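No value in this document is a laboratory result; all are computed from the given coordinates. Bear in mind that the values here come from a model prediction, so they are computed numbers and not experimental data. All Cβ positions, even for glycine, are placed from backbone atoms using ideal geometry, and neighbour counts span all protein chains on display.
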Amino acid sequence: MKALTRPEDLNSLRRDAAASLSLREKSETQTNGQSCGLETGTGHIQVLVCGGTGCKASSSQLISEKFHELLAEKKLDAHVDIVTTGCFGFCEKGPVVKIIPDNTFYTQVTPEDVPEIFARHIIKGERVERLLYTDPKTGLHVSDSKHIDFYRKQMRIALRNCGFIDPENIEEYIARDGYAALAECLSKMSPEDVIGQIKLSGLRGRGGGGFPTGKKWELARKSPGDVKYVVCNADEGDPGAFMDRSIMEGDPNSIVEAMAICGYAIGASHGLVYIRAEYPLAIHRLKTAIAQAREYGFLGKNILGSGFSFDIEIRYGAGAFVCGEETALIHSMEGCRGEPTMKPPFPAEAGYLGKPTNVNNVETFANIPAILTRGAEWFASIGTEKSKGTKVFALAGKINNVGLIEVPMGTTLREVIYDIGGGIKDGRKFKAVQTGGPSGGCLTEKHLDIPIDFDNLLAEGSMMGSGGMIVMDEDDCMVSVARFYLEFTVEESCGKCTPCRIGNKRLLETLDKITSGKGTEEDLKTLSTLGKVIKDTALCGLGQTSPNPVLSTLRHFHEEYEEHVRDHKCRARQCKALLTYSIDSKLCIGCHLCARNCPAEAIIGDVRKPHIINPAKCIRCGMCLARCKFKAISVN
Amino acid sequence: MEPRQITLQIDHHFVTVPEGTTILDAAQKIGIDIPTLCHIDLKGTCIRNTPASCRICVVEVEGRKNLAPACATKCSDGMVVRTSTLRVMNARKVVAELILSDHPNECLTCPKAGSCDLQSLALRFNIREMPFNGGELSPRKREYTASIVRNMDKCIFCRRCESVCNEVQTVGALGAIRRGFNTTIAPAFDKMMSESECTYCGQCVAVCPVGALTERDHTNRLVEDLADPEKTVIVQTAPAVRAAIGEEFGLPAGTLATGKMVAALRELGFDYVFDTDFAADLTIMEEGAEMLDRLTRYLGGDKEVRLPILTSCCPAWVNFFEHQFPDMLDIPSTARSPQQMFGSIAKTWWAEKTGIPREKLVVVSIMPCLAKKYECDRDEFKTGGNPDVDYSITTRELARLIKRANISFTLLPDMEFDMPLGASTGAGVIFGATGGVMEAALRTVYELYTGKPLGNVNFQAVRGMAGVRRASVDLDGFELKVGIAHGLGNARHLLEDIRHGRNEYHAIEIMACPGGCIGGGGQPLHHGHSEVLYARANALYKEDAGKTLRKSHENPYIKMLYQEFLGKPMSEKAEQLLHTHYFNKSC
């Protein structure tokens, strides 16, 4: 491919590339419910196989290979394309395979299912019913993803190409208006115009802070200096969050394009992606995208004949959570210890190598080309007053539809959890939802109707964070949940400032005390006062938010904490040390099976007489409970 | 351009400061003393540590969500700051309590007790209980090197040592390793300091606010030696000690306590009290001769001769170039340090004169320095395993010993050093301040080179506290260019230049510690006040000015030493006893 040298070249390239995508695009809108097969008159079929990390881990690569084998065997290569896409988001039901043009959505496909899909669907045009998604509400099969609740309420901007295009083929990205925004900026807009559009769109940083992106760009633009840098923060680290990874795996060119636009806007010719080394697939796709972008002339010298030059290099992080904090990230890229420093100076004034640097998160960048091609007003029309556009969430925990979703700002937690997420697993009762990862907090039943945006979540003691959303049911102990997150922060603290290094450790020790039944009312006070001081005094965002899970659970589930320290009870039965195993003498027949299996020799009793458990010896392993055939053992 | 003046309000007082001033400095300006712990800013030197990490100095800033560290938050126009609200006082106390919860309660036996910044804070914050104690203590190493004791369980992670070791000294021996609660300061890969590039300059010890880094104490050993009737124990005192020891007894910084120090040493039971200044004069004779030799050869067209000549009195500096510049070991002078010259002469010439067998003679040095302890231990300064200087104790250790021996220092009469090794000129005295060695050398080199008497012996251009200073001296038509650097980071710049062939000097003086020996790692703690260093340097120049003899080669006992024993500078005997060689110690 010869690099493009004029913006007009892109239009012709797009027209050529559009053909391969037209089938997919048409099927989005024009399905009639009929399934298509080569024998029933369909000329061309495309099989989209999810190539995200999650589905790959479930052998989706073997699925593609199997399809290829069968196609080669039957010499049908010319009629059927196998396309490896990025993540579809519906990870709960992966691996996902989609058949175009009838838009059939197969879930939990195994390589062994491939011959059947091939023979019945691709050849004969009959759907394989057993692989279709079953609506839990109606019990009926749903063939088209558009009619699955999980997708119905979503609005995909950042994820617009994920699960739709082949991320390793830049032409498919171009066919979806890719690089049009860059061409537009370079040929028709001044850097100030670009910044003006981003400001107008109301886009706020998706990494957690929610700082207005346009303002950030403006600061970097105005900061004096010949050499400036654009940094993409791909150090995604919240437990359970994987939106950035999915975007890089599913639509890497959107990041490349956005970084080039940012470079043009702020006056930088050098971009860096800081990505954790444990994202090998994302790294591979990103590298492929960068190489292709260079080949097509979207990176390099004199891009599209504009005189603007920009290139991107990749820097690997070792996986420290704190390196997601922008100053720590910059220090890490410089080869220094990954720890934050005081702001100001902000990276926009003195960042990488002391030069003005603009750091944006992956999801933030992914929104940029869409804003510029579809217009800032369009973007600003989505969302709430102060939070515009959409937000991607990684939905996890005790929820039916685990996966990656994108919804307009202002969607309520209830819609996310019940409509998209399909409600709580096994019909259990909703207890809380944790948003914002280890920096966020837990929200309860009463918060379910709050429209999700940056400010509303903050007001309730939680935060947007990077978009982790973990749903909990009545079997979850809120003290243990707080303990889990704090353990993560203690593990991930860089150790620089006192409140985070020692304070969080002491908080964790206090929670340990409570969950092991040794807590006192005094400890609850300690949690609250210490937590507040840590928030008030810690150096960086990590430390300032680390007590949130403790403080928010203390606020919303105080009673549960009190039960732990006052009654030494854990209502969710998660805190082992607080459980008491006992034998109902009326039900026990003295079979001695429990005593024989007890590893701690805590059960005594003569044969054929009721047994008893010595609580001092009992290690609460649950072995007796599992072995008793007479339901004589209870746990309280 | 003059910085813009801005006005802010601190605790209801208005204060106007230049833009860029921190809240801490602005508060100080109006007499509000905000407590700090990790922060240090030795103004006028390059010693600075502002990580804003301890969070002791937090204050309330109107309109700001969380508390701001005063040490690193810049003032802005119209800012409203409150430094003593309940919220602030509570936060500071909790932060201090947290630090104490990861700090061993060993104050009673800690060498830093009484001068520990953490202890002072605990007192100031009225901490009477330890609410967070009882938890886990972070795992940290202990190590005894020849000079420095590392007791890292006391480390509060202020990073002052790290800043000094990396930014000021550019040695890079200490840095943060591991993360979170397990973070500690250590050489890379948690090696021992003795296996690292550490130069034992002791600047880390000089800035450590707690007892994590302290000197290797030899006072108990000294007490035993003094009590041994079989042994003759003699002492030499380095020039910088007299200008600082008074501080330990409540005298103002810069008080010259030479006479009282001599009296105290006699009281302690030393058999003879001598002066390292004598050996400093001797150093000038040898180093000066070597310098003249190289210059004469150079001016005679010898292309092989290595210039500039670098001084070699500072043992930390010697360690530094042995570790970091092993390709340039032939540039420094081969002259031993004054401490070692003294030991060598004391255990040969003087011992022979007085008939004391070497094994019964104990030579002790009082030094402002920790590297001197290591230097005593170097094998090349031993004869049959017996060191020329048995051991070195610091100014701080001496002060402790004087207090322990119930000696009322301030009430002591002024006494004189013993002869002959206590005789010195003003040139020897100024060795203790940066530039002093060069000035002393210039006084002698000028006269020896030109054969003319030197009118004004004060070379003002080489004095002062600028990190690198340069001067040129007219030696009868030949312009001698000299340079002075103090602080190893400054030395590194000069050495890198020399390595890359960009040298403008004939001779360079280098001292490892900022300010020279007066700012040594063994001196009374400056607690971040740089005025102390200036006062000490002035004291030395005052002593020099008061001396009748101010040129090393005029010292009558030095003349006697050469006549009776050494012959002339750089004679075979002088080479053997007063010169040394260097080793490649690159890691």
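Using helices alone, what [θ] at 222 nm do you get for chain A, with -39,500 (n - 2.57) per DSSP H run of 4 or more residues, divided over all residues and rounded to the nearest 500?
Computed ellipticity for chain A at 222 nm equals -10500 deg cm²/dmol.
Amide H neighbours of A:K388 under 5 Å, counting only residues 5+ apart in sequence or on other chains, H built in-plane at 1.01 Å?
Under 5 Å from the amide H of A:K388 lie the amide H atoms of A:R204, each far enough along the sequence or on another chain.
Taking neighbour counts of Cβ atoms within 10 Å as a proxy for exposure, in what order, fewest first, do B:D302, B:D102, A:D251 appear?
B:D302, B:D102, A:D251
Check every DSSP H run in chain A and write down those whose alpha carbon atoms cover 18 angstrom or more along the long axis and whose mean Kyte-Doolittle hydropathy is 1.6 or greater.
Answer set is empty.
How many angstrom separate the Cα center of the stretch A:136-171 from the Cα center of the stretch A:198-217?
27 Å
Give, rounded to the nearest 20 debye, the magnitude of the charge dipole that chain A has about its Cα centre when Lys and Arg contribute +1 at Cβ and Asp and Glu contribute -1 at Cβ.
Dipole about the Cα centre, nearest 20: 1440 debye.
Length gain on complete extension for the stretch A:A318 to A:S22, per 0.36 nm per residue less the alpha carbon to alpha carbon distance?
Gain in length upon complete extension: 102.5 nm.
Go through A:K609/A:K631; A:K216/A:K496; A:K496/B:K29; A:K137/A:K429; B:K360/B:K547; A:K343/A:K388 and tell me which ones have a Cα-Cα distance over 24 Å in this structure.
Checking Cα-Cα distances, A:K216/A:K496; A:K496/B:K29; B:K360/B:K547; A:K343/A:K388 exceed 24 Å.
What angle do you read, to the nearest 10 degrees and between 0 and 90, between the alpha-carbon axis of helix B:436-450 and the longest principal axis of chain B?
30 degrees
Based on other C-beta atoms within 10 Å, arrange B:S101, A:S585, B:S571 from fewest to most.
A:S585, B:S571, B:S101
Could you tell me how many degrees, from 0 to 90 and to the nearest 10, lie between the Cα long axis of helix B:488-499 and the main elongation axis, the longest principal axis, of the Cα atoms of chain B?
50 degrees
Please report the relative contact order for the stretch B:5-124, taking Cα pairs under 8 Å with a sequence separation of at least 6, and give it as a percent rounded to a whole number.
Rounded, it is 27 percent for the stretch B:5-124.
About the Cα centre of the protein assembly as shown, what is the dipole size in debye to 20, counting +1 per Lys and Arg Cβ and -1 per Asp and Glu Cβ, all else neutral?
2380 debye
Of the GluC sites (Glu not before Pro) in the stretch B:415-457, which ones lie in a loop per DSSP and count no more than 14 other C-beta atoms within 10 Å?
Of the GluC sites (Glu not before Pro), the ones in loops of the stretch B:415-457 whose Cβ has at most 14 other Cβ atoms within 10 Å are B:E416.
With the cut-off at 1.5 for a/c, could you classify the stretch A:170-380 from its C-alpha gyration tensor as rounded, prolate or oblate?
Taking the square roots of the gyration eigenvalues as a ≥ b ≥ c, the stretch A:170-380 is rounded.
Rounded to the nearest 0.05, what FRET efficiency do B:T170 and A:E491 give with R0 = 41 Å and r taken as the Cβ-Cβ distance? Could you check?
It comes out at approximately 0.80.
Once R0 is set to 35 Å, what does the formula 1/(1 + (r/R0)^6) return for the Cβ-Cβ distance between B:E380 and A:L353, expressed as a FRET efficiency to the nearest 0.05?
With a Förster radius of 35 Å, E is 0.20.
More than 16 Å apart: what percent of Cα pairs in the stretch A:358-466 qualify?
So the pairs more than 16 Å apart make up 61 percent of the total in the stretch A:358-466.
Report, by chain and number, residues whose modeled amide H sits under 5 Å from the one on A:Q46, excluding near sequence neighbours (fewer than 5 apart, same chain).
Counting only residues 5 or more places away or on other chains, the set is A:D81, A:I100.
In the stretch B:460-513, which GluC sites (Glu not before Pro) fall in coil by DSSP and have 15 or fewer other Cβ atoms within 10 Å?
Sites meeting the loop and neighbour criteria: B:E504.
First select every other residue whose beta carbon is under 14 angstrom from the beta carbon of A:I514; then total the charges, Lys and Arg +1, Asp and Glu -1.
Value of the local net charge: -2.
If you line up the long axis of helix B:531-545 against the longest principal axis of chain B, both from Cα atoms, how many degrees apart are they, to the nearest 10?
With both axes taken from Cα atoms, the answer is about 20 degrees.
In whole angstrom, how far apart do the alpha carbon centroids of the stretch B:160-184 and the stretch A:302-369 sit?
Computed from Cα coordinates, the inter-centre distance equals 25 Å.
Want the number for A:K74 to A:K137: 0.36 nm per residue separation, take away the alpha-carbon distance, what's left?
Taking A:K74 through A:K137 to full extension adds about 18.7 nm, to one decimal.
Neighbouring Cβ atoms within 10 Å as the yardstick, rank B:K372, A:K26, A:K75 fewest first.
A:K75, A:K26, B:K372
Evaluate the relative contact order of the stretch A:32-143 (contact order divided by residue number), counting alpha-carbon pairs under 8 angstrom at least 6 apart; express in whole percent.
34 percent.
Quote the FRET efficiency, to the nearest 0.05, computed for B:T109 versus B:K353 with a Förster distance R0 of 41 Å and r equal to the Cβ-Cβ distance.
Plugging the Cβ-Cβ distance into 1/(1 + (r/R0)^6) gives 0.40.
If you add up the charges near A:V359, with Lys and Arg at +1 and Asp and Glu at -1, over every other residue whose beta carbon is less than 9 angstrom from its beta carbon, what do you get?
0
Defining a contact as two alpha carbons under 8 Å apart and six or more residues distant in sequence, what relative contact order in percent does chain B show?
The value is 16 percent.
Under a Cβ-only charge scheme (Lys and Arg +1, Asp and Glu -1), can you give me the dipole magnitude of the stretch B:5-124 about the Cα centre, in debye to the nearest 20?
That gives a dipole near 100 debye.
Among bridges DSSP assigns within the protein assembly as shown, what percent are antiparallel (round to 5)?
Bridges in the protein assembly as shown are about 55 percent antiparallel.
In a shell of Cβ-Cβ distance under 12 Å around B:S344, excluding B:S344 itself, what net charge do Lys and Arg (+1) and Asp and Glu (-1) give?
Taking every Cβ under 12 Å from that of B:S344, the sum is +1.
Quickly estimate the mean residue ellipticity at 222 nm for chain B, helices only: each DSSP H run with n ≥ 4 gives -39500 (n - 2.57), and the total goes over all residues, rounded to 500.
That calculation yields -9000 deg cm²/dmol at 222 nm.
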